[in-house]
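Taking it in order: structure first as structure tokens, then the write-up.
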Amino acid sequence: MKTKVLVLGANGYVGQAVIRALQASTWAQPVAGVRGASRLGDIESRKLDATDASALGNALKDVGAVVNCVAGSPAVMVAGAQALKQALAPLGAAAPRLVHFSSMAIYGGATGVVEESTPAGTGLGGYAEAKAQTETMLAGLPNVVMLRPGCIYGPSSPQWSERIALLLADRRIGDLGAAGDGCSNLVYIDDVVEAVLQSIQRADVGGCVFNLAMAQAPSWNDYFIAFARRLGKVPVARIGGRRLKVETKMLGPALKIMEIGAGRLRFDTRRLPPPIPPSLLRLWGQDIRLSSVQAQQRLSLAWTPLETGIGRTADAWRALAR
Amino acid sequence: MILDANTVPTGSTLQAEVCVVGAGAAGISLALSLQEAGIDVLLLESGGDQADARNQALYAGSVADERMHSPLDRYRERRFGGSTTIWGGRCMPYDALDFEPRVQIAHSGWPIGMDALHPYYEAANKLCEAGDFAYTAEEAFTTPRRPLIAGFKEDVFSTNTLERFSCPTDFGARYRQRLINGACRVVQHANVGAIELDETRRQVDHIQVRTLGGTAFTVRARRFVLAAGGLETVRLLLASPGASGLGVGNARDVVGRYYMCHLAGTIGTLSFTEPRSVYHGYEMSDEGIYCRRRLALRPQVQDRLGTGNFIARLHHPRITDPAHHTGILSLLYLAKAVIPYEYGKRLHGEEKMKGGQWLAHLRNVLIDAPATAVFLTHWLRHRTLAARKFPSVIVYPRRPRYSLDFHAEQEPNPASRVSLSDARDELGMRRLHVDWRYTERDVHTVKASLAALAQAMRDSGVGSFDYAPDEVEHEMTRYGAYGGHHIGTARMGNDPADSVVDADCRLHELDNLYVSGAAVFPTSSQANPTLTIVAMALRLGDHLKRFS
């Protein structure tokens, strides 16, 4: 008898990957929790509003575990966590294992090596603040595992692969000098999925929090240069401080407005040149290094080497006609 | 953390595990390496973030022959980032032969081989922002590139080795934030004066620091590293009596001797029969680095001819003579006043311009205006405004004629010397006096190499190289010692009789004082020194990490 695992946010990038892995496993049967139509073919799906506690309660009845990868606006993420708490708390020790996706964003502007015991940053922005709130809400539950991934990359990862590839192809980023000296804290999608599977299966990790980032993650510059080379977008450009200012101060807002406008008109916004907001540029220069020793040891993770991860991502990018 | 020495109370003491003197290519690379290992580093820098004339004046000194050596406050910068604030960015490693003792080069041979340095070159290349550590065309490029000279026979000179170009990276600006993020303490406006030993006379006890603001304090550290450049390191060593009374590390009178620069010049005319057979410009590698091929005299030929190391590049005709009929070259000549001294010297020469010449240059500029406009647009876009700068003026001549730009090793010579003069700077420290010399062997290196090139051109049947053999010595010393490369003044060796530091860059005389920089290089190679300075600093960093 396979364990049913409910995946909330199953249509998202991580959610889809988790569903695929569960489907391929010998022990689990994925159940997709989706708000709208499922994009997952023949996977069992339950249409539910993840912010509705009673609907969630019903969906949870026959599952052995639930994975929360709901993305969306800060309000939706917080409401979703609230609903999960309401649905799971009454079950006490009998509650299924909850694997909750938080983010490295909760560390805010922290620098240096950051372990799971590092407190959340103060004065966080919308997304980070919401993630921190979800953690606080769910921390009291008896059977929860929190994952704080760094930047998740891999084939068709919208944020840290596709967006980066578009920017590299347009020579809008490359070697950024001091502005790209920050640690990328990259983690390959397969490793994130493996962390989820392990978190579901291991009884002894209940109540644990895990940073997820590859060991010796490259600097953003090194990532950009290596990725550009695998994509064949060479020679890699050196982008100076003046260009980056133009990007964040002038081009950034203009592209964002275009993106919002195109979204309203239901165009595929992924075809637009992505903006580089100031927060992104700040991240690329931030000297923060997630320590993921805990995940490595407790979840027995082996990190996909950068060359392998980038290679697969670049192959997938090239395979898609653009 | 970056501190201003003026805010350190007079009479106080700063403590550190390692104190590094000088925040240039060597000092910053070393500090980064040490702070990464969690070592408590204090990095002292005389200057601040900006150039400052009063501070720079502390560098002034005297030279024995003004035609042979540039003024001592030129080609080096007394400020955060050191002379990387003005360098040209040319990178290439030393060759394996540079480390070997060679019969033809007196005092040659290092106490370490290429194998000891090789592990650090990759990281050094990265710090210099020169991309991959790949210095042949075969290793560096993934797609076929144009040959330097099609049909050239490569048995005497190779054409596949590369020079790669840094941005050029100003180490101060580039690594400032990294130093701030790390545990290193940088102290700006801190001028090191006396180096004081403890009672054993084998250890530096403390060093004295003064500011132009009038404050003074001391620094105590377990280990000290002088990384102040090939000239200033000599000054720091000799300014204090040391155990012998003759200067720190100078019991055997070696400090400041064996002073080398490079022998460089532009000479002759290379004429090619097939115009399209030659490409002397830059190629860009995949990771975005400007690379350029060069003619390198093969090691076994050096041994056969009894020369030092030698390379050459195809160059535009000498710009002073308007006969080149090239607008941009004439414009460069006319723009003399706005080109920095360090670069203008070899472009323009010292000759006074005559009125007729001025008109001839102006005529070139006007007649060749379209080509000049194309050049200037490229220059503006890829040099002036670019974060990675197009490295140098490349002019594709109308006729397939070039001059030859050579860069040759200088033999170590104890009579070529840096010492203290009786003049003193604003802080009361004795100034430097430089007596740079070259040897008969140096002249032979250039003469024999040029003759070999002329022969190789003939043998290959690609054209000719014409030059006046009698003019070689004059041309190689036309502008004196090549500026900015200050090598060998605290050389590395096993024997204290002819070296200052040991294979670990530690002074023979003291247990806790080290030198980082080109001062420790026993020989000068054909290569520009910065990349090797950085590699050696990283190697020293690894050595110092062993004590913690």
Rg/Rg_ref, segment B:306-453, where Rg_ref = 2.2 N^0.38 Å and atoms are Cα: 1.36
Ordering of A:42-48, A:283-289, B:167-173 by burial proxy (mean other Cβ atoms within 10 Å per residue, highest first): B:167-173, A:283-289, A:42-48
Distribution of pairwise C-alpha distances over segment B:342-414, 5 Å bins, in %: 3, 10, 13, 18, 23, 17, 7, 4, 3, 2, 0
All-pairs alpha carbon distance profile, segment B:122-189, 5 Å steps from 0, percent: 3, 13, 17, 17, 13, 11, 9, 6, 5, 4, 3, 0
For segment A:118-174, average projected area of the Cα convex hull in nm²: 6.1
Of all DSSP beta bridges in the protein assembly as shown, antiparallel share, percent nearest 5: 45
Convex hull volume of chain B per residue (C-alpha atoms, cubic angstrom): 144
10 Å Cβ neighbours from other chains, averaged over peptide B:382-390: 3
Ellipticity estimate at 222 nm from DSSP helix runs (n ≥ 4, -39,500 (n - 2.57)) divided over chain A, nearest 500: -11500 deg cm²/dmol
Pairwise FRET efficiency - B:Ala106 versus B:Glu274, Cβ, R0 = 41 Å, nearest 0.05: 0.45
Potential extension, B:Asp425-B:Asp495 segment - 0.36 nm per residue separation minus Cα distance: 21.8 nm
Highest-first arrangement of B:95-105, A:14-24, where packing means the average Cβ count within 10 Å: A:14-24, B:95-105
Alpha-carbon spread of segment A:101-257, three principal axes, descending order, Å: 51, 33, 30
Shielding by partners, peptide A:235-241 (average Cβ within 10 angstrom, other chains): 6
Long-range tail of P(r) for segment B:32-105 (Cα pairs > 20 Å, %): 60
Förster radius 30 Å - calculated FRET efficiency between A:Asp170 and B:Arg381 (Cβ-Cβ, nearest 0.05): 0.95
Segment A:173-226 - Debye-derived log10 I(q)/I(0), Cα point model, q = 0.17, 0.19, 0.28 Å⁻¹: -0.63, -0.70, -1.05
B:Ala37 paired with A:Ala302, simple spin-label distance in nm, labels 7 Å along Cα-to-beta-carbon: 3.1
Taking only Cα atoms of segment B:131-274, radius of gyration then Dmax in Å: 23.8, 72
Gyration tensor verdict on segment B:414-521 (Cα atoms; rounded if a/c is under 1.5, prolate if a/b is larger than b/c, oblate otherwise): prolate
Reach of B:Lys126 by Cα under 23 Å, taken over lysines that are not fewer than 8 positions away in the same chain: A:Lys233, B:Lys389, B:Lys545
Ordering of B:369-376, A:100-107 by burial proxy (mean other Cβ atoms within 10 Å per residue, highest first): A:100-107, B:369-376
Rg ratio (alpha-carbon, reference 2.2 N^0.38 Å) - segment B:179-220: 1.40
Calculated over chain A: convex hull of Cα atoms, volume per residue (Å³): 134
Neighbour cut-off at most 12 other Cβ (10 Å), DSSP loop, GluC sites (Glu not before Pro), segment B:40-102: B:Glu66
Whole-angstrom Cα spans of segment B:266-377 along principal axes, big to small: 49, 35, 33
Value of [θ]222 nm, deg cm²/dmol, for chain B, DSSP H segments ≥ 4, -39500 (n - 2.57) each, nearest 500: -7500 deg cm²/dmol
Dimensionless Rg ratio for segment B:62-154, taking C-alpha atoms and the 2.2 N^0.38 Å reference: 1.48
Ranked list, fewest to most other Cβ atoms within 10 Å of each Cβ, for B:Phe547, B:Phe224: B:Phe547, B:Phe224
At q = 0.10, 0.18, 0.19 Å⁻¹, base-10 log of I(q)/I(0) for segment A:192-275 (Debye sum, equal scatterers on each alpha carbon): -0.53, -0.97, -0.98
Virtual spin-label span in nm between A:Asn58 and A:Ala262, 7 Å along Cα→Cβ: 3.9
Cα principal axis extents for the protein assembly as shown, largest first, Å: 98, 72, 47
Label-point gap, in nm, between B:Arg202 and B:Ala183 - each point 7 angstrom along Cα→Cβ: 2.8
Extension gain from B:Leu362 to B:Phe141, taking 0.36 nm per residue of separation minus the Cα-Cα distance: 75.5 nm
Principal-axis tilt of helix A:13-24 within chain A, Cα atoms, nearest 10 degrees: 50
Exposure proxy order (Cβ contacts within 10 Å, fewest to most) of B:Arg164, B:Arg381: B:Arg381, B:Arg164
Order of B:His485, B:His378 - criterion: other Cβ atoms within 10 Å of each residue's Cβ, fewest first: B:His378, B:His485
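Quick note: the coordinates plus some simple rules give every number you see, no bench work behind them. Note that the structure is a prediction, hence the values are computed from the model and not measured. Here the Cβ is made from the backbone with ideal geometry for all residues, glycine too, and neighbour counts use every protein chain on show.
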